[in-house]
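All remarks here apply to the structure that follows.
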Amino acid sequence: MARFLYSAFFYLILPLVLLRLLWRAWRAPAYRHRVAERFGFFRPPTHTGGLWVHAVSVGESIAAAPLINHFLNQHPDLPVVVTTMTPTGSERVQAMFGDRVFHVYAPYDLPDAIARFLNRIQPRVAVIMETEIWPNMVCQTAARGIPVVLANARLSARSAKGYGRLAALSRLVFSHFSQVVAQSAADGARFVELGLPAANLTVSGSIKFDLDIPAALRSQALALRSEWLGERPVWIAASTHAGEDEVLLAAHRALLKQQPAALLILVPRHPERFAKVAELITSSGFVFERRSSVVASSPPRAVAGDTAVVLGDTMGELLLLLGCADIAFVGGSLIAHGGHNTLEPAAWGLPVVTGFSDFNFAEISALLEAAGGLQKIDGDGALADVLRGLFADPLRRAQQGAAAKQVVDNNRGALQRLLAIIDGYLKD
């Protein structure tokens, strides 16, 4: 009954869902394309009966990449379907894997759309990344005898409270997971409390610790830093949201009084904000350049001497740009968003700075902070103080960066545990 009522409600609000899609298409034109896929209408893949990986957007797609690469390399005859919900996630999947995987947008969580989708791909195992839990998607997949694995799963106390308000539906959905592979014991306990059978829980740690920065990317970042940015002090603000950029620009203005050659690479989380952030940089009085203009120039040119800010307005380059910086601030943390992945800068050996809103990555932040690799700040003044201190003391900066990297190295192994679980279901 709980799922019937949920589905009926979803059908009732479908006009609002379409209006939201229209609004998003107005802000980001890529949402206008392939709308039929969101209702389960698409040309089926040539081969079915393989692995289905659902990763909602860019972050989950990157987290899923080692998993997908494993199956592409170790099981070359296994068809792999990858779904996302956002155009940026779609672009990232296609950039990473091309035609080695079958990519399609995930359907809306409507019974008929889910049924059409499953009829077309007919997976043997479904892997859902992190927190993308849709009742019909999970229950209808499991009802067909397809194991459903929630991988690299996390569930904050706030999110668990929200699920708890729909207790009957939540218990139904979580009881259908074949396995939840949780990032931490606290995450796992919340899943069990919401209805997951304890026997279906594995606590593995986060597969994001298994991030591997290829030697070729390290070499590319080193060359880019030398040719593009030279010897200037560089800090990067990654995955920023509305309400944060003003704080970051104010901190940079204060930093320039001590470090007049300092350069900020400002990378908004969502591409639809690129133009607005560009206007904000200009209205704040900074000379800035777009990363896209450098990519388009041939040969690549060095950043101008009077440039104070570079706007990171390209897709799929965040990991490369992190490798060009001396210090990293990770966004989504100065507003009540819950933060973003701090392990990418840590894997580069950078000292990491965030705001206090980190509930999406609380365990990871706690590890990095305890090791001395991460500092939390609450505004532009505190951020400017941290930046000034780190740039003035190269030894301290190196020590904090090394501490952050050591946390990453010490916690590897979750990916292998997850792969073993999925391999087991594929062999059944």
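The values are calculated or read from the model by the stated rules, or taken from the named source; none is laboratory data. Since the structure is predicted, the reported quantities are computational estimates derived from the model, not experimental observations. For neighbour counting, all protein chains shown are included, and Cβ atoms are generated from backbone atoms with ideal geometry for every residue, glycine included. Heavy atoms of the whole protein, side chains included, go into the accessibility calculation; ligands, DNA and RNA do not. Shrake-Rupley method; radii C 1.70, N 1.55, O 1.52, S 1.80 Å.
Remarks
- With respect to the stated conditions, R27 is farther than 23 Å from R116 by Cα and either at pLDDT 90 or above or touching a helix residue (DSSP H, G or I) at 6+ places or on another chain (Cβ under 6 Å) (or both).
- Matching residues, region 345-382, being within 20 Å of N410 (Cβ to Cβ), in a helix (DSSP H, G or I) and either open to solvent by 30 Å² or more (accessible area, probe 1.4 Å) or modelled with pLDDT under 95 (or both): F361, A362, E363, I364, S365, A366, L367, E369, A370, A371
- Filtered by the rule that a residue be aliphatic (A, V, I, L, M) and under 26 Å from T88 (Cα atoms), region 222-271 gives L224, I236, A237, A238, A242, V247, L248, L249, L264, I265, L266, V267.
- Only residues that are under 17 Å from the mean Cα position of the chain (by Cα) and either of a type in the set (A, V, I, L, M) or under 22 Å from Y6 (Cβ atoms) (or both) were counted in region 85-104, giving 4.
- Residue in region 384-395 that is open to solvent by 10 Å² or more (accessible area, probe 1.4 Å), in contact with a helix residue (DSSP H, G or I) (Cβ under 6 Å, 6 or more places away or on another chain) and of a type outside the set (D, E, K, R) present: no
- Selection status of V277, closer than 18 Å to G332 by Cβ, at pLDDT 95 or above and assigned to a helix (DSSP H, G or I): yes
- Any hit, region 55-70, residues being hydroxyl-bearing (S, T, Y), part of a helix (DSSP H, G or I) and open to solvent by 50 Å² or more (accessible area, probe 1.4 Å): no
- Unique residue being in contact with a helix residue (DSSP H, G or I) (Cβ under 7 Å, 6 or more places away or on another chain), outside any helix (DSSP H, G or I) and open to solvent by less than 30 Å² (accessible area, probe 1.4 Å) when the list is G339, G316, G332: G339
- S159 fulfils the conditions (1) open to solvent by 10 Å² or more (accessible area, probe 1.4 Å); (2) over 29 Å from R273 (Cβ atoms); (3) touching a Lys or Arg at 6+ places or on another chain (Cβ under 9 Å); (4) in a helix (DSSP H, G or I) except for a single criterion, (2).
- Members of region 260-273 found to be modelled with pLDDT of 95 or more, open to solvent by less than 40 Å² (accessible area, probe 1.4 Å) and either over 17 Å from V303 (Cα atoms) or out of contact with any Leu (no Cβ under 9 Å at 6 or more places or on another chain) (or both), listed by number: P268
- Some residue of region 20-40 being in contact with a Gly (Cβ under 8 Å, 6 or more places away or on another chain), of a type in the set (A, V, I, L, M, F, W, C) and open to solvent by 20 Å² or more (accessible area, probe 1.4 Å): no
- Of the criteria (1) free of Cβ contacts under 8 Å to residues at least 40 places away in the same chain; (2) under 26 Å from S357 (Cβ atoms); (3) surrounded by fewer than 20 Cβ atoms within 10 Å (Cβ to Cβ), which one Q74 fails: (2)
- Within region 344-357, residues that are without any contact (Cβ under 8 Å) to a residue 12 or more places away in the chain reach no partner that is open to solvent by less than 10 Å² (accessible area, probe 1.4 Å) and of a type in the set (D, E, K, R) with beta carbons closer than 6 Å at six or more positions or on different chains.
- Flag if R144 is open to solvent by 50 Å² or more (accessible area, probe 1.4 Å), among the basic types (K, R) and in contact (Cβ under 8 Å) with a residue 40 or more places away in the chain: no
- Here the condition is being hydroxyl-bearing (S, T, Y), buried (at least 19 other Cβ atoms within 10 Å of the Cβ), under 18 Å from R120 (Cα atoms) and at pLDDT 90 or above; of T83, T48, it holds for T83 alone.
- When each of R120, R124, R43 is tested for being in contact with a Pro (Cβ under 6 Å, 6 or more places away or on another chain), charged (D, E, K, R) and either open to solvent by 10 Å² or more (accessible area, probe 1.4 Å) or more than 30 Å from A8 (Cα to Cα) (or both), the lone residue that passes is R120.
- Set side by side, the residues V81, V138, V149 differ, and just one is aliphatic (A, V, I, L, M) and farther than 30 Å from R27 by Cβ, which is V149.
- In region 185-225, the qualifying residues are those that are out of contact with any Leu (no Cβ under 8 Å at 6 or more places or on another chain), buried (at least 17 other Cβ atoms within 10 Å of the Cβ) and within 28 Å of G323 (Cα to Cα), and the one that is modelled with the lowest pLDDT is G205.
- Flag: D306 matches the condition of being surrounded by fewer than 18 Cβ atoms within 10 Å (Cβ to Cβ) and either charged (D, E, K, R) or without any contact (Cβ under 8 Å) to a residue 40 or more places away in the chain (or both).
- Selection within region 99-109 - assigned to a loop (DSSP other than H, G, I, E, B) and buried (at least 20 other Cβ atoms within 10 Å of the Cβ): V101, A106, P107, Y108
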